[in-house]
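> If you scroll down you'll find the structure; I have some questions about it.
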């Protein structure tokens, strides 16, 4: 992916100390992922500079002040408050084009958001409408896919953690917020022969239809059940039984609900004693350190930002889980690579 690219990472990959990451599966940390992360940071920082040059603080609509502050904070962290782009635009474009096979959908979404930002910050357009437009939906389907290097790593990391967290055979799985099915596909690639029931749930009908079609096609013979589940509504009223599942699995879902503690508590009630809630999440190394891809997601009013490992620990313990494990160890990882931003989170239901 990096061959011949005019873009260069902050340090060569072979000089990076990857010791804190070696506990993870190969798919969750590799040179392609490192390059993707570095390039995404560079592209988003470049867009932030250009947007700040186009939009003055006096033009920002009051309701968009949080997003404006995010952009300014991002520039501060990147050392770009002087508003001078670090990279030539043509060099970044060439790097994106060279990485398109593995990263195209991520950069297509970033570009879509960047074009909308000036009007969005001025309060002239609805950001959610931009991200759910007819043009955007195919991009989301390609983004939430295991062919997309920058997203697949979270799925693979969560699948690895889930496989290690549950019994050897006969497992009953409840997946929430299953979307287009890529997280399920990653998990089933490693536990397919151990599954007695796979309950795939999603609240958006379009996503459900796509996910159901994909999983039925790719995993013939897996005992699927499909149904709607909205974590902002009482789980007990939506046909999900208490104490029935060995594994509750959610990738980039729980941070987006209105009350994560209440949702986690409700999901704990669906677990058998000794079962596990396994999350795959984009995470902030610290609560005040934004994740670059928030640049896209914060165009929606529903987005509340990603959480730090410490906050996840507090949320899950408040929900009644006694043992919470985050992988990798973020203090060690971010000491080596400060912008690392994905984690698996395993919360065990007390036996």
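> Restricting to region 264-280, and then to whatever is touching a helix residue (DSSP H, G or I) at 6+ places or on another chain (Cβ under 6 Å) and not in a strand (DSSP E or B), can you tell me which residue is farthest from residue 151 (Cα to Cα)?
The qualifying residue farthest from residue 151 (Cα to Cα) is 266.
> With respect to residue 248, is the statement that it is assigned to a loop (DSSP other than H, G, I, E, B), touching a strand residue (DSSP E or B) at 6+ places or on another chain (Cβ under 9 Å), closer than 29 Å to residue 303 by Cα and touching a residue at least 12 places away in the same chain (Cβ under 8 Å) true? Spell out the reasoning first.
Numbers: assigned to a loop (DSSP other than H, G, I, E, B): no; touching a strand residue (DSSP E or B) at 6+ places or on another chain (Cβ under 9 Å): yes; closer than 29 Å to residue 303 by Cα: yes; touching a residue at least 12 places away in the same chain (Cβ under 8 Å): yes.
No: the conditions fail for residue 248.
> On to the next question. Take residue 175 and decide whether it is surrounded by 14 or more Cβ atoms within 10 Å (Cβ to Cβ) and either more than 22 Å from the chain's Cα centre (by Cα) or outside the structural domain of residue 208 (by TED's automatic domain parsing) (or both).
no
> Against the definition (within 21 Å of residue 47 (Cα to Cα) and touching a helix residue (DSSP H, G or I) at 6+ places or on another chain (Cβ under 7 Å)), how does residue 319 come out, yes or no?
It is false that residue 319 is within 21 Å of residue 47 (Cα to Cα) and touching a helix residue (DSSP H, G or I) at 6+ places or on another chain (Cβ under 7 Å).
> Another one. Which condition from (1) outside any loop (DSSP other than H, G, I, E, B); (2) modelled with pLDDT of 90 or more is the one that residue 80 breaks?
(1)
> Which one of 183, 95 is over 22 Å from residue 213 (Cβ atoms), assigned to a helix (DSSP H, G or I) and either modelled with pLDDT under 95 or in contact with a strand residue (DSSP E or B) (Cβ under 7 Å, 6 or more places away or on another chain) (or both)? Please lay out each step first, then the result.
Details: 183 fails: over 22 Å from residue 213 (Cβ atoms).
Exactly one residue qualifies, and that residue is 95.
> Somewhere in region 33-49, is a residue without any contact (Cβ under 8 Å) to a residue 60 or more places away in the chain, part of a helix (DSSP H, G or I) and surrounded by fewer than 19 Cβ atoms within 10 Å (Cβ to Cβ)?
no
> Which pairs turn up if I take residues in region 215-244 that are touching a residue at least 12 places away in the same chain (Cβ under 8 Å) and assigned by TED's automatic domain parsing to the domain that holds residue 269 and look for partners that are loosely packed, with under 13 Cβ neighbours inside 10 Å and in a loop (DSSP other than H, G, I, E, B) with beta carbon separation below 7 Å, at least 6 apart in sequence or on another chain?
From residues that are touching a residue at least 12 places away in the same chain (Cβ under 8 Å) and assigned by TED's automatic domain parsing to the domain that holds residue 269, the pairs are 227/239; 232/258.
> Kindly check whether there is at least one residue in region 51-70 that is in a helix (DSSP H, G or I), in the same structural domain as residue 121 (by TED's automatic domain parsing) and touching a strand residue (DSSP E or B) at 6+ places or on another chain (Cβ under 9 Å).
Filtering region 51-70 down to residues in a helix (DSSP H, G or I) leaves 51-54, 57-59, 62-70.
Next cut, in the same structural domain as residue 121 (by TED's automatic domain parsing) only: 51-54, 57-59, 62-70.
Filter once more, keeping what is touching a strand residue (DSSP E or B) at 6+ places or on another chain (Cβ under 9 Å): none.
No, there is no match, as no residue in region 51-70 is in a helix (DSSP H, G or I), in the same structural domain as residue 121 (by TED's automatic domain parsing) and touching a strand residue (DSSP E or B) at 6+ places or on another chain (Cβ under 9 Å).
> Being in the same structural domain as residue 111 (by TED's automatic domain parsing), within 24 Å of residue 119 (Cβ to Cβ) and over 23 Å from the mean Cα position of the chain (by Cα), is that true of even one residue in region 24-41?
Within region 24-41 (the criterion being in the same structural domain as residue 111 (by TED's automatic domain parsing), within 24 Å of residue 119 (Cβ to Cβ) and over 23 Å from the mean Cα position of the chain (by Cα)), the answer is no, since none of the residues qualifies.
> Mind checking which residues of region 150-169 are surrounded by fewer than 21 Cβ atoms within 10 Å (Cβ to Cβ) and in contact with a helix residue (DSSP H, G or I) (Cβ under 7 Å, 6 or more places away or on another chain)? Talk me through it step by step, then tell me what you get.
Here is the first cut: in region 150-169, the residues surrounded by fewer than 21 Cβ atoms within 10 Å (Cβ to Cβ) are 163-165, 167-169.
Result: 163, 168, 169.
> Additional query: Can residue 313 be described as free of Cβ contacts under 8 Å to residues at least 60 places away in the same chain and crowded, with 16+ Cβ neighbours inside 10 Å?
yes
A quick yes/no check of all residues on (1) over 11 Å from residue 299 (Cα atoms); (2) without any contact (Cβ under 8 Å) to a residue 40 or more places away in the chain; (3) in a helix (DSSP H, G or I); (4) not assigned by TED's automatic domain parsing to the domain that holds residue 64:
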| position | (1), (2), (3), (4) |
| --- | --- |
| 102 | yes, no, yes, no |
| 107 | yes, no, yes, no |
| 113 | no, no, yes, no |
| 116 | no, no, yes, no |
| 125 | no, yes, no, no |
| 128 | no, no, yes, no |
| 133 | yes, yes, no, no |
| 137 | yes, no, yes, no |
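> In region 4-40, what residues are out of contact with any helix residue (DSSP H, G or I) (no Cβ under 9 Å at 6 or more places or on another chain) and closer than 16 Å to residue 282 by Cα?
If the condition is that a residue be out of contact with any helix residue (DSSP H, G or I) (no Cβ under 9 Å at 6 or more places or on another chain) and closer than 16 Å to residue 282 by Cα, then 38 is the only one that fits.
> Going residue by residue through region 299-310, is there one that turns out to be farther than 30 Å from residue 122 by Cβ, out of contact with any helix residue (DSSP H, G or I) (no Cβ under 6 Å at 6 or more places or on another chain) and not in a loop (DSSP other than H, G, I, E, B)?
Residues of region 299-310 farther than 30 Å from residue 122 by Cβ: 308-310.
Still in the running and out of contact with any helix residue (DSSP H, G or I) (no Cβ under 6 Å at 6 or more places or on another chain): 308, 310.
Remaining after also requiring not in a loop (DSSP other than H, G, I, E, B): 310.
Looking through region 299-310, at least one residue is farther than 30 Å from residue 122 by Cβ, out of contact with any helix residue (DSSP H, G or I) (no Cβ under 6 Å at 6 or more places or on another chain) and not in a loop (DSSP other than H, G, I, E, B).
The values are calculated or read from the model by the stated rules, or taken from the named source; none is laboratory data. Keep in mind the model is a prediction, meaning the values are calculated, not measured. Note: ideal-geometry Cβ built from the backbone for every residue, glycine included; neighbour counts use all protein chains shown.
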